[in-house]
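Undergrad: Below are the structure tokens for one structure; questions will follow.
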Amino acid sequence: MDPCRIIRTLIVLLILFLAGAAIPITDRVYSGDRLDPYRNLIGSLVEKKVLHYVRACIIHELEPESVVPDGVKALPGLPQTGLYMTLMKGLDVRACIGRFTPYSYSMEKAIEDLAREITFGDIRYRPLSPGEMEDLRIVLSFVGPMKEIRDPYTIDFAEEGLYIGQDGKGGVLLPGETRTLEYGIKRLMRQHGMDPKKAFRYASFKVIVFDERRDK
């Protein structure tokens with residue numbers, strides 16, 4: 001791995017650590033109705049164009065000689081939200097990266113940045129290799145503000161995500177990322193080194209998903 005990539009990886013790790021340790025659980029971060037414009041785009045040509053562009057950006061990061069089309073012109077003026085990008089291999093997560101805090105710049109730019117970061121930024125998994133993308137499917141999750149809950153099994157996992165926190169550690173579980181909610185919770189706790197005997201913080205949040213698997 002070249003020195004620049006190592007430095008970028010370390011920066012991403014620091015950001016992820018700080019985000020996991022201090023994610024605010026509140027319904028006042030921003031209004032949940034910011035997701036409505038994205039909900040209206042599910043199944044549309046816009047969704048397909050955005051996912052196609054994400055794939056092209058990731059492939060370009062892995063294979064710099066590949067051609068990237070012009071930026072995503074299909075999302076002008078849409079509201080900033082939290083954003084997560086996931087790569088799925090069948091029912092298993094290959095990589096996932098993102099954040100709850102709405103981006104201060106355009107969603108187009110946020111999507112481009114995440115497409116670059118996901119190739120190396122998820123330290124739970126090995127970095128992506130060029131030959132993998134054909135077998136992976138992209139899931140782009142636009143997320144709403146979190147609301148603290150007591151019982152994680154009360155959420156509607158088809159439309160809501162789950163945040164789990166403990167002792168400065170934190171992780172998210174997004175719809176479509178796991179076989180069952182119970183399996184996903186156990187995996188998330190294991191990945192983040194959480195102690196099942198200690199108390200947890202739970203929060204739910206609304207999610208609108210652009211999903212390459214929709215047409216499969």
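The values are calculated or read from the model by the stated rules, or taken from the named source; none is laboratory data. Since the model is a prediction, treat every value here as computed from it, not as a measurement. Neighbour counts are summed over all protein chains in view; Cβ atoms, including those assigned to glycine, are modelled from backbone coordinates with ideal geometry.
Undergrad: I'd like to know if segment 115-122 contains one or more residues that are touching a residue at least 60 places away in the same chain (Cβ under 8 Å), within 21 Å of Leu162 (Cβ to Cβ) and touching an Asp or Glu at 6+ places or on another chain (Cβ under 9 Å).
TA: Among the residues of segment 115-122, at least one is touching a residue at least 60 places away in the same chain (Cβ under 8 Å), within 21 Å of Leu162 (Cβ to Cβ) and touching an Asp or Glu at 6+ places or on another chain (Cβ under 9 Å), which makes the answer yes.
Undergrad: Now for a different question. So which of Arg39, Arg34, Arg55, Arg99 is in contact with a Ser or Thr (Cβ under 7 Å, 6 or more places away or on another chain), surrounded by 13 or more Cβ atoms within 10 Å (Cβ to Cβ) and either more than 30 Å from Gly168 (Cα to Cα) or modelled with pLDDT of 80 or more (or both)?
TA: Arg34
Undergrad: Still on this structure: Just give me the residues in segment 130-175 being assigned to a loop (DSSP other than H, G, I, E, B), in contact with a strand residue (DSSP E or B) (Cβ under 7 Å, 6 or more places away or on another chain) and aliphatic (A, V, I, L, M), in sequence order.
TA: Scanning segment 130-175 gives Leu136, Met146, Ile155, Leu174.
Undergrad: Something else: Looking for whichever is outside any loop (DSSP other than H, G, I, E, B), in contact with a Gly (Cβ under 9 Å, 6 or more places away or on another chain) and either among the β-branched types (Val, Ile, Thr) or at pLDDT 85 or above (or both) here; the options are Leu83, Leu16, Leu87. Which one fits?
TA: Going through Leu83, Leu16, Leu87 in turn, just one is outside any loop (DSSP other than H, G, I, E, B), in contact with a Gly (Cβ under 9 Å, 6 or more places away or on another chain) and either among the β-branched types (Val, Ile, Thr) or at pLDDT 85 or above (or both): Leu83.
Undergrad: Among what's in segment 176-199 and is assigned to a loop (DSSP other than H, G, I, E, B) and touching a residue at least 60 places away in the same chain (Cβ under 8 Å), pick the residue that is surrounded by the fewest Cβ atoms within 10 Å (Cβ to Cβ).
TA: It comes out as Arg179.
Undergrad: Still on this model: Can you spot a residue in segment 200-213 that is surrounded by fewer than 18 Cβ atoms within 10 Å (Cβ to Cβ), in contact (Cβ under 8 Å) with a residue 24 or more places away in the chain and assigned to a helix (DSSP H, G or I)?
TA: For segment 200-213, residues surrounded by fewer than 18 Cβ atoms within 10 Å (Cβ to Cβ), in contact (Cβ under 8 Å) with a residue 24 or more places away in the chain and assigned to a helix (DSSP H, G or I): present.
Here's the yes/no breakdown for (1) modelled with pLDDT of 90 or more; (2) among the hydrophobic types (A, V, I, L, M, F, W, C):
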residue	(1), (2)
Glu65	no, no
Val68	no, yes
Leu91	no, yes
Ser104	no, no
Asp113	no, no
Ile118	yes, yes
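Undergrad: Consider Ile97 carefully, then state whether it is touching a Gly at 6+ places or on another chain (Cβ under 7 Å), within 30 Å of Glu65 (Cβ to Cβ) and not in a loop (DSSP other than H, G, I, E, B).
TA: Answer is yes for this residue.
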